[in-house]
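> After the structure tokens below, expect a handful of questions from me.
The values are calculated or read from the model by the stated rules, or taken from the named source; none is laboratory data. Predicted, not measured: the structure shown is a model, and the values here were computed from it. Note that we place each Cβ from the backbone using ideal geometry, even for glycine, and neighbour counts take in every protein chain shown. For accessibility, only protein heavy atoms count, side chains too; no ligands or nucleic acids. Shrake-Rupley method; radii C 1.70, N 1.55, O 1.52, S 1.80 Å.
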Amino acid sequence: MPKHYRPAGKKKEGNAAKYVTRSQAVKSLQVTLPLFRKICIWKGIFPRDPKKKIKGNHQTYYHTKDISFLHHDPLVDIHRDIRAHDKKIKKALSKKNKPRAVRLEEHKPSYSLDRLILERYPRFIDALGDLDDCLTMIHLFASLPTLQNEKVDVKRIHNCRRLSHEWQAYISRTNKLRKTFISVKGIYYQVEVDGQKITWIAPHSIQQVVTDDVDFNVMLTFLEYYETLLAFVNFKLYHSIDVKYPPILDPRLEALAADLYALSRYIANRSKEQGGNELSSKLDESQLTLAQLQHQLVPCEPGALMHLVEETEIEDDADEETKDCRSLFKNMRFFLGREVPREPLLFVISAFGGMVSWEGDGAPFEESDTSITHQIVDRPTQNHFFLSREYIQPQWVFDSVNARIILPTEDYLVGRVPPPHLSPFVDNDAEGYTPDYAQKIKQLQAAARKQVLPVPSIGNEDQNDTQNLLLEGVAGRVEANKAAERKKEMSKQEKQHHEEMKMELQGISPATGTIQNEGDKAPRSLSRIIRPRSGEETSGNKSRRTSSAQTTSWATVGGKSLQIHVDLASQPDAAAALSGVPLP
């Protein structure tokens, strides 16, 4: 009997019972291979790698429970009905029965992926954690050209563009953007929503080329699922800030390709209306559209996403980081040149509290507005300059956002080579290398917070002392100048005193400049009674200090403190001369 002999009718065991091949799964489900791949992508079923491959290493294996789970899925039944309906349409066309084919096409079964979102993401926080690839895919297809002859449907591209603008409008409204970085692949963004960090990459605003090397069937399957997922996420986020979803946009701004601007104004107007009264809830859709157009026709209205910060209510429960991001570009007005990318700068500046306008129709304010503080350009020559504003390169905005401070604009002026664009996703301490410009930014951050950077060789106490001394020195510069003058005057008096002492030792009177008599001269043994100050005293010195006929004085000569004993009875002139010696 063979070693692995199994009697007929006995149940399979081990890997043979746990795993099935792809061909066995397709045959069991009675679907085509493309439909099987599509359903596996939607349901999140992926191939397995068993330790022991029963059918060989060249087969693709799936878990038996996953396949049995697909047997009861309604999507399989719906696609079977769609397949049967397509056969009826094909048969009608083959018989040249066009009216019947048109009628069958109108009543073709359809499916929805809404139920899959609830199955795969029971909690909203789970859906947020799976948005990285979703946002990257949708922003990629939103940048594709809208051509009829391409492999991607134009409606699908417009839907991706709408979803991406709705997501960016919410991020700008709530100031959730944290990091951004410009790379060769595109622009990286990182936001923080409900404690979840979401990172995605958006392509540059250039003409994209659709290649033949990519299997668009698989990518479109993922895209169909991601569109449903992001629509549900946007619906939840918009209702969290009391804004109706989907939004109703201004058709005039949509025609001008200012979708993000129109969407931002809608959010602002809706928040303002709901905060004031409940009138908008009683209007029907047509009346609501007219009311929004009246708000949008106000002249000199702040541009782009500025309403998200100015006209809406600020959340009381916002954390400190959100408050810092909200006030970074506060009270600043930017004007974008026609050569710079509009949408990335519009998204970033608005997310940090700035106000943006551009050149063209539908702009919030004109280039000649005197309240503009910064104009972002990317060409060395300009037709005219305004002295009341600063002309900077686009990199200044991204570097200031990552540093959380307003960087100096001298290095980002037009025509200059800007500093290196550092990635905020790199930990310099973990890498063991800090670029020079990163150190400069740290110094600017410390100066903005009125802090002194620590020195490795000192402790915290010495650092606090250094900070106090620095603040006192900056605040009392006038007092320091006065102290220097007093020190200079004292040095002059000390020098004059030394000269008088020298003349006294030579027997010359300091007052008259004449030589004194022998009796009036100071004793030649003055060196024996003038000695350096010492902490120890002999018994003889103590007895001389207690004598009433002697006096003791201290003087500073040549930087040393000297003790002088003078006999008042025998040397009255010397005692009188030494009486003017200042005591310490």
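> If I ask for residues that are out of contact with any strand residue (DSSP E or B) (no Cβ under 8 Å at 6 or more places or on another chain), within 15 Å of Ile182 (Cβ to Cβ) and hydrophobic (A, V, I, L, M, F, W, C), which ones from region 397-421 would you list?
If the condition is that a residue be out of contact with any strand residue (DSSP E or B) (no Cβ under 8 Å at 6 or more places or on another chain), within 15 Å of Ile182 (Cβ to Cβ) and hydrophobic (A, V, I, L, M, F, W, C), then Ala403 is the only one that fits.
> Go through (1) surrounded by 15 or more Cβ atoms within 10 Å (Cβ to Cβ); (2) under 23 Å from Lys18 (Cβ atoms) one by one and return the number of the condition Lys52 breaks.
So the condition that Lys52 fails would be (1).
> If you take the residues in region 94-121 that are more than 30 Å from Lys43 (Cα to Cα) and open to solvent by less than 80 Å² (accessible area, probe 1.4 Å), which one is farthest from the chain's Cα centre (by Cα)?
Asn97
> Would you check which residues across region 387-399 are among the hydrophobic types (A, V, I, L, M, F, W, C) and crowded, with 18+ Cβ neighbours inside 10 Å and list them?
Answer for region 387-399, where residues must be among the hydrophobic types (A, V, I, L, M, F, W, C) and crowded, with 18+ Cβ neighbours inside 10 Å: Ile392, Trp396, Val397, Phe398.
> Ok, one more. Starting from region 349-363, keep only residues that are free of Cβ contacts under 8 Å to residues at least 60 places away in the same chain and within 15 Å of Met332 (Cβ to Cβ), then list their pairs with residues that are open to solvent by 10 Å² or more (accessible area, probe 1.4 Å) and of a type in the set (A, V, I, L, M) whose Cβ atoms are within a distance under 9 Å, requiring at least 6 positions of separation or different chains.
What qualifies is Ile349/Met332; Ile349/Met355; Gly354/Val309; Gly354/Leu328; Gly354/Met332; Met355/Val309; Met355/Met332; Ser357/Ala363.
> Exactly one condition in (1) closer than 25 Å to Ser172 by Cβ; (2) open to solvent by 50 Å² or more (accessible area, probe 1.4 Å); (3) hydrophobic (A, V, I, L, M, F, W, C) is not met by Ala430; state its number.
Among (1) closer than 25 Å to Ser172 by Cβ; (2) open to solvent by 50 Å² or more (accessible area, probe 1.4 Å); (3) hydrophobic (A, V, I, L, M, F, W, C), Ala430 violates only (1).
> Restricted to region 400-426, and to residues that are free of Cβ contacts under 8 Å to residues at least 24 places away in the same chain and under 14 Å from the mean Cα position of the chain (by Cα), which residue is most open to solvent (accessible area, probe 1.4 Å)?
This residue is Val426.
> Here's a follow-up. Give the residue, chosen from Lys52, Lys65, Lys27, that is charged (D, E, K, R), without any contact (Cβ under 8 Å) to a residue 24 or more places away in the chain and more than 17 Å from Glu119 (Cα to Cα).
Lys27
> May I pose another question? Would you check which residues across region 165-212 are free of Cβ contacts under 8 Å to residues at least 12 places away in the same chain, over 20 Å from Glu339 (Cβ atoms) and hydrophobic (A, V, I, L, M, F, W, C) and list them?
Val209
> Another question, if that's okay. Could you figure out which of (1) closer than 18 Å to Ile198 by Cα; (2) out of contact with any Asp or Glu (no Cβ under 9 Å at 6 or more places or on another chain) isn't true of Val154?
Val154 satisfies every listed condition except (1).
> For region 122-140, which positions are under 24 Å from Thr211 (Cβ atoms) and either open to solvent by 60 Å² or more (accessible area, probe 1.4 Å) or in a loop (DSSP other than H, G, I, E, B) (or both)?
Initial filter on region 122-140 (under 24 Å from Thr211 (Cβ atoms)): 132-140.
Passing the criteria: Asp133, Leu140.
> Residues in region 45-72 that are in a loop (DSSP other than H, G, I, E, B) and of a type outside the set (S, T, N, Q): how many?
Just the residues of region 45-72 that are in a loop (DSSP other than H, G, I, E, B), to begin with: 45-47, 49-60, 72.
Adding the requirement that they be of a type outside the set (S, T, N, Q) leaves 45-47, 49-56, 58, 72.
The total comes to 13.
> Give the residue that is most open to solvent (accessible area, probe 1.4 Å), with candidates limited to residues of region 1-48 that are modelled with pLDDT under 90 and among the charged types (D, E, K, R).
Taking the candidates together, the pick is Lys3.
> May I ask you to verify whether Lys179 is within 30 Å of the chain's Cα centre (by Cα), closer than 19 Å to Ala403 by Cβ and surrounded by fewer than 19 Cβ atoms within 10 Å (Cβ to Cβ)?
Details: within 30 Å of the chain's Cα centre (by Cα): yes; closer than 19 Å to Ala403 by Cβ: yes; surrounded by fewer than 19 Cβ atoms within 10 Å (Cβ to Cβ): yes.
Yes; evaluated as a whole, the condition is true for this residue.
> A further question follows. Please enumerate the residues belonging to region 334-361 that are open to solvent by 20 Å² or more (accessible area, probe 1.4 Å), more than 21 Å from Asn402 (Cβ to Cβ) and not basic (Lys, Arg).
Of everything in region 334-361, those that are open to solvent by 20 Å² or more (accessible area, probe 1.4 Å), more than 21 Å from Asn402 (Cβ to Cβ) and not basic (Lys, Arg) turn out to be Glu339, Glu359, Gly360, Asp361.
> So which residues in region 316-341 are of a type in the set (D, E, K, R) and farther than 23 Å from Ser388 by Cβ?
If the condition is that a residue be of a type in the set (D, E, K, R) and farther than 23 Å from Ser388 by Cβ, then Asp316, Asp317, Asp319, Glu320, Glu321, Lys323, Asp324, Arg326 are the ones that fit.
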